[in-house]
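K.L.:
So that we are looking at the same thing, I have put the structure below in structure tokens.
The values are calculated or read from the model by the stated rules, or taken from the named source; none is laboratory data. Everything numeric here is computed off the predicted structure, so don't read it as measured data. Here the Cβ positions follow ideal geometry from the backbone for every residue, glycine too, while neighbour counts run over all protein chains shown. Just the protein is used for accessible areas: all its heavy atoms, side chains included, with ligands, DNA and RNA removed. Shrake-Rupley method; radii C 1.70, N 1.55, O 1.52, S 1.80 Å.
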Amino acid sequence: MKRLMIVVLAGILGVVFLTGISLAAPMVMRLGETHPQDYPTTKGDYEFARLVKERTNGRIVVEVFHSKQLGEEKAVVEQVQLGAIDFTRVSVSVTSAFARELDALQLPYLYRDFDHQWKVLNGPIGQEILGKLAAGNLVGIGWFEAGSRNFYTKKPVKTVSDLKGMKIRVQQAPLMVGMVEALGAVATPLAFGEVYSALQTGVIDGAENNWPSYLTTSHYEVAKYFITDEHTRVPEIMLASKKVFDKLSKEDQQIIRKAMMDAVPVQIKLWIDYEKVAEKTVREKGAIITDVSSQEKQKFMDAMKPVYDKQPAEILAVVEKIRAVK
């Protein structure tokens, strides 16, 4: 019996040696996500986690905690800085306090189109900005797509002047506050999870976001007027805790970065497909959509001049580089 056990054990060890499977307990890392499980960004998180596990032969397992299970974006970023949470996917707006150059990426009407945005993010500008986050105890792993953002309100908005005096929820970031104020509206910073009730009770008159978020949050139920002004294209960013990341081997760091890079095309396709579904669905559910003419969009763009005028020289230098990308 003893001899049989030795033979079996030797066989197991042989399989382990040949396949690279580790008998040690895996390193489990937590990823905080605010969106629902079936949201395209969350699915991008899962693809990232799958690739990390596959490419480390199960040594590193990334567990995705969706639907704000670990908290709202701002609170989770603070926990990532401390090393209490390993990764988080957040909007660039939430992290601009740690790298001022991130403000440049979310200025209104900055990118010519989708392709221009991704040439910037995947090129030297985007990679350099990711590196700036180290000063805030964060590691920028990569970018995800989040489409264009538009206004939606409780009463019709068809022109820039219609926004005047309206209380509009914005992300908790100075740049977003300035953008809304430039349009004559009253900027009201609120956590993402508070927007529905604030719209419902009249604390705010409207908000701004992309098509998928408009659907998944059910904001169309309490703010049925949607205007396609496409004022910003604010990318999402995957962050890692520098305290945790620095303890990993260079090989594992590279695996994680490559996993994120390879998850991006998957997430982008999921996003584009879901945008179409989201727009179709909210229209069917009674949302009233106003498509902005090129003439009216120019008025939105002209209104943004004060936002650019207030930017420091370091941000305007990045803007110039971005606009020069062909």
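K.L.:
Have a look at GLN311, GLN298 and point out the one that is open to solvent by 20 Å² or more (accessible area, probe 1.4 Å), under 27 Å from ILE141 (Cβ atoms) and of a type in the set (S, T, N, Q).
P.N.:
Checking each option against the conditions leaves just GLN311.
K.L.:
Here is a further query. Just need a number here: residues in the range 165-193 that are more than 18 Å from ASP103 (Cα to Cα) and over 18 Å from the mean Cα position of the chain (by Cα).
P.N.:
Going through the range 165-193 one residue at a time, the tally reaches 9.
K.L.:
Can you tell me which of VAL177, VAL139, VAL186 is of a type outside the set (Ser, Thr, Tyr) and modelled with pLDDT under 95?
P.N.:
Matching residue, one of VAL177, VAL139, VAL186: VAL177.
K.L.:
Out of everything in the range 33-56 that is charged (D, E, K, R) and under 23 Å from VAL92 (Cα atoms), what residue ends up being surrounded by the fewest Cβ atoms within 10 Å (Cβ to Cβ)?
P.N.:
Filtering first and then ranking leaves ASP38.
K.L.:
Which of (1) surrounded by fewer than 16 Cβ atoms within 10 Å (Cβ to Cβ); (2) closer than 30 Å to GLY58 by Cα is the odd one out, the single condition VAL266 does not satisfy?
P.N.:
Of the numbered conditions (1) surrounded by fewer than 16 Cβ atoms within 10 Å (Cβ to Cβ); (2) closer than 30 Å to GLY58 by Cα, the odd one out for VAL266 is (1).
K.L.:
Between residues in the range 215-226 that are aromatic (Phe, Trp, Tyr) and residues that are in a helix (DSSP H, G or I) and at pLDDT 95 or above, which pairs lie under 8 Å by C-beta distance while being six or more apart or on different chains?
P.N.:
Qualifying pairs under 8 Å: TYR220/TYR214; TYR220/VAL282; PHE226/TYR214; PHE226/TYR220; PHE226/VAL282.
K.L.:
Right, something else. Within the range 181-190, is there a residue that is in a strand (DSSP E or B) and open to solvent by less than 10 Å² (accessible area, probe 1.4 Å)?
P.N.:
The answer is no; no qualifying residue exists.
K.L.:
Of everything in the range 287-326, what is part of a helix (DSSP H, G or I), without any contact (Cβ under 8 Å) to a residue 40 or more places away in the chain and of a type in the set (Gly, Ala, Ser)? Give them in sequence order.
P.N.:
Listed by number, the residues that qualify are SER294, ALA313, ALA317, ALA324.
K.L.:
From the list ALA287, ALA324, exactly one residue is of a type in the set (Gly, Ala, Ser), surrounded by fewer than 18 Cβ atoms within 10 Å (Cβ to Cβ) and over 17 Å from the mean Cα position of the chain (by Cα). Which is it?
P.N.:
ALA324
K.L.:
Out of the residues in the range 77-128 that are among the β-branched types (Val, Ile, Thr) and within 15 Å of GLU320 (Cα to Cα), state the one that is most open to solvent (accessible area, probe 1.4 Å).
P.N.:
ILE125
K.L.:
Continuing with the same structure: So VAL222 passes all but one of these: (1) within 17 Å of the chain's Cα centre (by Cα); (2) within 26 Å of ASP38 (Cβ to Cβ); (3) surrounded by fewer than 23 Cβ atoms within 10 Å (Cβ to Cβ). Which condition number does it fail?
P.N.:
(1)
K.L.:
Tally up the residues in the range 159-177 that are closer than 17 Å to LEU107 by Cβ and open to solvent by less than 20 Å² (accessible area, probe 1.4 Å), please.
P.N.:
Qualifying residue count, the range 159-177: 5.
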